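Student: Here you go, one structure.
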Amino acid sequence: MSLTVERTDPTPTGPRDPGLSHRLAERGIDRTLLLLLPAVLFVALLFVYPFGYGLQLSFAPAEGGPLASYAAFFSDPYQRNTIWITLGLALPAALLNVLASVPIAYKMRGRFRGKRLLTIVLVVPITLGTVLTAQGLLNFLGPAGWFNKAVVGLGLADAPVQLVNNYWGVFFSLVITGFPFAFLLILSYLSGIDPTLEQAAATLGADWTQRFRRITLPLLAPGLATTFCLAFVLAFSVFPSAVLVGNPAGETRVLALAAYQAAYEQYDYSLASAIAMVMGAVELLVIAVVLLWRSRLYAGSTGGKG
Amino acid sequence: MSSAGAAPPGRFGELRLDGVGRRFAGKDALVELDLTIRAGEFIALLGPSGCGKSTALNCLAGLLPLTTGSIWQDERRIDTLPAEKRGFGMVFQSYALFPHMSVRRNIAFGLQMRKLPRAEVRRRTEEGVRLVQLEEHADKLPGQLSGGQQQRVAIARAVVLEPSLVLMDEPLSNLDAKLRLEMRTEIRRLHQSLGLTTVYVTHDQEEALSLADRLVVLRHGRVQQVGTPEQLHARPVNWHVADFMGFRNLMELEAAHVSGTGVDAEVAVRGEGLTLLGTATAAVSAGDRVVAAVRPEDVLVVEDAGGDNRIAATVEVVEYQGRELAVEVRTAAGRALHLRTERRLAPGDEVALTVERERLLVYPLAPGEQAPAPLVDAVTT
């Protein structure tokens, strides 16, 4: 104690204050930080508080110990299976969205006539709500839809193919709504890769598959990982299409639906919160795995300007 | 050095560009380029930006399809081959090093693409690393290297394949002045030791003169002149080339009197209150509009104001350049002239200048052709 007293600054209070604020400013702490305040408040009020409240609620079931809601969820196969049902929808849909975006974005990164129009066509599904997409799918792929009329009419099948009100209906819906996000992100990642790198590889004797595999893909991979995470999160929280074009009682009873039913059909808020927490944990787990893989990749400059 | 006799596979005796042209969106970027490149030669494509030199290089590399013409490697037509089948090495202005690969892997890339045995890839990669003296940095990523080191990696990556032709697109333009000089020597040294046929694109006439065996000067996509450094330095074919080759003093005058005919005739030119004797570079007759061109180092300061080829002028700007001064003077008619001198001149000094008859080149000016640098600023000062 006495040591600290001896070591106080010899100069009295006056000139010490500007020195302190200067030192803080050098570490990026100054009054402009106040601009962060609205965002911090927003996050605190609309994310941190509801999350904390839900977490607390999940450990406070109406009867039983603090873990009773989780126990109820995991002990009931009908509930537990929703994890696999949701993963079974979200993982393939996100993967397909990312993989389908790569060749299209790869072809579209240069300048060509009609690029804007094509981009608009590819991106328009973003503006359509899930409900509108579901409506369209029901009309198009339903038993009396154009697609099945054509299939039956051409004699490719004896009876209409079941493509809605089951797994495939939800899967198509996820692809239609998720693809534009993945495509736009990957297009911007690809545009950031300097095209002279591929030209250099060409002059060194690499054909286009080698150029793609050895140059473009490694530089794009971190972007693919990020895009996959976002596409996955988007697909994982599927809810309306699971009800509208899926089979909500069976094969497309996803986590979000289970949580909804717990909350608004059984009025068990604790179980609903527990399901929401499980949902979050599964998402974080998948993202952690992907980002762990991403951290092992080269993630520096890709030579592009800007 | 490569000789025509025991040429390794892929080597050629000569590479012929036959009427090569390229249009972008209806605009000619390169027109009718005819050029024969002999094995072992160092060719510089020289010209201001937008003259088509990079277009020509990209056409040669196979990165741009030709609009017209053809390219022949001896008797084999190669302009239809994609870049990866031509076996030319290229050094890019931005270096275009693969950012996710170490120096060693960058240099090995082309060898691996050729499917060479692993031991040979390793041996030749190490040779390449040693050639550009980057042994200490071989495991670093390009982002960890300085500009000059990145440039050396780019050169090693291109030459390690022993390509039949090396293409260089302004490789030194991103380096600072000191490094540029060092790398220039290095490129010349590499060319001398490996004897690789090289096509080098630059807008820097000094770089082109010091490196190349032959220069091709381009302007607006058209070849202006092909020749050795000496030819281009001493006798540019037209005043555009002269302007580009360092003839900073270009005066639009009138031919007053011609003694002799055709090239090398003695021409008296007149205008702006001056009468000067010069050498015709093409047929000139009395009364023609001409451009008289002279290098700053050929404008001499003399003591006596009397005599032939005298110009009276006032010193305006003096730049210290070590042993010499670069001086801008203005004649009575308001014409700015540039000269270099060892005399310690100061702004405001009245000087008498002279130009030797052989050093003042007289170019005919086509009817309607825009004259170089008309006397616009004479009015404002």
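Here, each number is a calculation from the coordinates, and none is a lab measurement. Worth saying up front: this structure is predicted, and the values here are computed from it rather than measured. All Cβ positions, even for glycine, are placed from backbone atoms using ideal geometry, and neighbour counts span all protein chains on display.
Student: Quick check on chain A: helices-only [θ] at 222 nm, where DSSP H runs of length 4 and up contribute -39,500 (n - 2.57) each and the sum goes over total residues. Nearest 500, please.
Tutor: Numbers: 16 runs with 204 residues, N = 306.
Dividing the helical sum by the residues of chain A leaves -21000 deg cm²/dmol.
Student: What's the FRET efficiency of B:N174 with A:F112 using the Cβ-Cβ distance as r and R₀ = 41 Å, to the nearest 0.05? Mind showing how you got there, number by number?
Tutor: Numbers: r = 30 Å, r/R0 = 0.72.
After rounding, the FRET efficiency stands at 0.90.
Student: At q = 0.14, 0.17, 0.19, 0.30 Å⁻¹, what base-10 log of I(q)/I(0) does the Debye formula yield for the range B:121-168 when every alpha carbon is treated as an equal point scatterer in vacuo?
Tutor: With no solvent term, the Cα-only Debye profile gives -0.32, -0.47, -0.58, -1.20.
Student: For helix B:177-194, what angle does its Cα long axis make with the longest principal axis of chain B, in degrees from 0 to 90 and rounded to 10?
Tutor: 60
Student: Can you pull the one-decimal nm distance between simple spin-label points at B:R114 and A:N166, each 7 Å off the Cα toward Cβ?
Tutor: 5.7
Student: Rg over Rh of the range B:247-366, using C-alpha atoms and the Kirkwood radius, what does it come to? Mind showing how you got there, number by number?
Tutor: On the way: Rg = 14.3 Å, Rh = 14.5 Å.
Looking at the range B:247-366, the ratio lands at 0.99.
Student: Cut-off is 10 Å between beta-carbons; in what order do A:S58, A:S75 appear when sorted fewest neighbours first?
Tutor: Ordered from fewest to most neighbouring Cβ atoms within 10 Å, A:S58, A:S75 come out as A:S75, A:S58.
Student: Between helix B:147-159 and chain B, what is the angle of the helix's C-alpha long axis to the longest principal axis, kept within 0 to 90° and rounded to the nearest 10?
Tutor: Once rounded, the angle reads 60 degrees.
Student: Enumerate the amide H contacts of B:D349 below 5 Å, restricted to partners 5 or more residues apart or on another chain; note that Pro and chain-start residues carry no placed amide H.
Tutor: Amide H neighbours of B:D349, under 5 Å, 5+ apart: B:V315.
Student: Among A:L45, A:T227, A:G205, whose Cα projects farthest towards the positive end of the dipole of chain A, with charges put on the beta-carbon of Lys, Arg (+1) and Asp, Glu (-1)?
Tutor: Most positive-ward Cα: A:G205.
Student: To the nearest 10 degrees, how steeply does helix B:118-131 sit against the main Cα axis of chain B, on a 0 to 90 scale?
Tutor: Computed tilt is about 30 degrees.
Student: Another question about this same structure. Positive end of the charge dipole of chain B (Lys, Arg +1 and Asp, Glu -1 on Cβ, about the Cα centre): tell me which of B:Q133, B:P367, B:A25 has its Cα farthest that way.
Tutor: Highest projection toward the positive end goes to B:Q133.
Student: Now a separate question. Local charge sum around A:V290 (other residues, Cβ-Cβ under 15 Å, Lys/Arg +1, Asp/Glu -1)? Numbers along the way, then the final one.
Tutor: Numbers: positive: A:R294, A:R296; negative: A:E283.
Here the count lands on +1.
Student: For the residues A:L224, A:L132, what sequence is obtained by ranking on other C-beta atoms within 10 Å, fewest first?
Tutor: On the way: A:L224 21, A:L132 12.
Going from sparsest to densest Cβ surroundings: A:L132, A:L224.
Student: GNM, chain B, Cα, under 10 Å: largest mean-square fluctuation among B:V269, B:V241, B:V315?
Tutor: Fluctuation is largest for B:V315.
Student: Pull out a ≥ b ≥ c, the square roots of the eigenvalues of the alpha-carbon gyration tensor of the range A:78-295, then state rounded if a/c is under 1.5, prolate if not and a/b is larger than b/c, and oblate in the remaining case. Please list the in-between numbers first.
Tutor: Values: a/c = 2.49, a/b = 1.41, b/c = 1.76.
The shape class here is oblate.
Student: Here is a follow-up. Go ahead and run the numbers for FRET between A:I104 and B:S146, Cβ-Cβ distance against an R0 of 35 Å, rounding to 0.05. Walk me through the numbers before you get to the answer.
Tutor: On the way: r = 39 Å, r/R0 = 1.11.
My answer for the efficiency is 0.35.
Student: Report the gain in length on full extension from B:A333 to B:E350: 0.36 nm times residue separation, minus Cα-Cα distance, nm rounded to one decimal.
Tutor: 4.7 nm
Student: A further question follows. For the range A:142-262, what class follows from the C-alpha gyration tensor (a ≥ b ≥ c being the square roots of its eigenvalues): rounded when a/c is under 1.5, otherwise prolate if a/b is larger than b/c, else oblate? Write out the running numbers ahead of the final one.
Tutor: Numbers: a/c = 4.01, a/b = 1.74, b/c = 2.31.
Judged from the Cα gyration tensor, the range A:142-262 comes out oblate (a/c at least 1.5, b/c at or above a/b).
Student: Give the Rg (one decimal place) followed by the Dmax (whole number) of the range A:202-253, computed from C-alpha coordinates and expressed in Å.
Tutor: Expressed in Å, the Cα Rg and Dmax of the range A:202-253 come to 19.2, 58.
Student: For chain B, what does the helix formula give at 222 nm: sum of -39500 (n - 2.57) over DSSP H segments with n ≥ 4, over the residue count, nearest 500 deg cm²/dmol?
Tutor: Rounded to the nearest 500, the figure is -7000 deg cm²/dmol.
Student: Further question on the same structure: Hey, fewest Cβ within 10 Å first, where do B:L57, A:L34, B:L33 land in order?
Tutor: Details: B:L57 22, A:L34 8, B:L33 27.
If I rank by nearby Cβ atoms, fewest first, I get A:L34, B:L57, B:L33.
Student: Over the Cα atoms, compute the radius of gyration (one decimal) and Dmax (the largest Cα-Cα distance, rounded to a whole number) for the range B:14-234, in Å.
Tutor: For the range B:14-234, the Cα-based Rg and Dmax read 17.1, 51 Å.
Student: Computed FRET efficiency, Cβ-Cβ of B:S193 and B:R38, R0 25 Å: what is it to the nearest 0.05?
Tutor: Details: r = 19 Å, r/R0 = 0.74.
With R0 = 25 Å, the Cβ-Cβ based efficiency is 0.85.
Student: Kindly provide the pair-distance distribution of the protein assembly as shown built from C-alpha pairs, with 20 Å bins from 0 and whole-percent values in order of increasing distance.
Tutor: Bin by bin from 0 Å, the calculated values are 13, 30, 28, 20, 8, 1.
Student: While we're here: So which DSSP H runs in chain A come out at 24 Å plus along the axis (Cα) with average Kyte-Doolittle of at least -1.0? Display every interim value, and only then the final one.
Tutor: Details: long enough: A:77-107 (46 Å, 0.77); A:167-191 (35 Å, 1.73); A:217-236 (27 Å, 2.00); A:269-295 (38 Å, 1.81).
Qualifying helices: A:77-107, A:167-191, A:217-236, A:269-295.
Student: Something else: Starting from the 7 Å offset along Cα-to-Cβ, what nm value, one decimal, do you get for the label separation of A:W208 and A:N247?
Tutor: Computed distance between label sites A:W208 and A:N247 equals 4.2 nm.
Student: Determine the distance separating the Cα centre of the range B:73-92 from the Cα centre of the range A:139-206; give it in Å without decimals.
Tutor: Comparing the Cα centres of the range B:73-92 and the range A:139-206, I get a distance of 38 Å.
Student: For B:E41, list long-range residues whose amide hydrogen, built 1.01 Å from N in the peptide plane, is under 5 Å from its own amide hydrogen.
Tutor: Amide H neighbours of B:E41: B:T198.
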